[in-house]
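J.: Sharing a structure here in structure tokens format.
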Amino acid sequence: MLSVLAQEAVSGADTIAAYGALGAGFAYGLAAIGPGIGIGYIVGKSVEAMARQPEAAGMVRTTMFLGIAFTEALALIGFVVFILLGI
């Protein structure tokens, strides 16, 4: 009896909002995969470059941090879209 009353209390607007939140979470998950792979690739190649030419490690490290910042900006844009879709 209680479950029937609980089901009646959920309106169509609540269901749509729940699906919107689920879709926004899925979108952010997809938006976070790309930058995660990109940052791993950047760091891996930078460590490889520093191992091959230790004298250029300072310049490679600076370029690596710039690449990480630009790649992380994509994840932040995805997070903003997630927040906008969730509301």
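Nothing in this text is a laboratory measurement; each read-out follows from the coordinates by a stated rule. Just so it is clear, the model here is predicted, and its values are computed rather than measured. Counting neighbours? That spans all protein chains shown, and the Cβs are built from the backbone with ideal geometry, glycine included.
J.: Once both labels are modelled 7 Å past Cα along the beta-carbon direction, what's the Ile83-Phe26 spacing in nm?
T.: In this crude label model, Ile83 to Phe26 measures out at 2.4 nm.
J.: Please state the Cα pair-distance histogram of the stretch 45-87 with 5 angstrom bins from zero: what percent is in each bin?
T.: Reading the bins upward from 0: 6, 21, 18, 13, 12, 9, 9, 7, 5, 2, 0.
J.: Sticking with this one: How much net charge surrounds Ser46 when only the other residues with a Cβ under 13 Å from the Cβ of Ser46 are counted, with Lys and Arg +1 and Asp and Glu -1?
T.: Overall, the nearby charge balance is +2.
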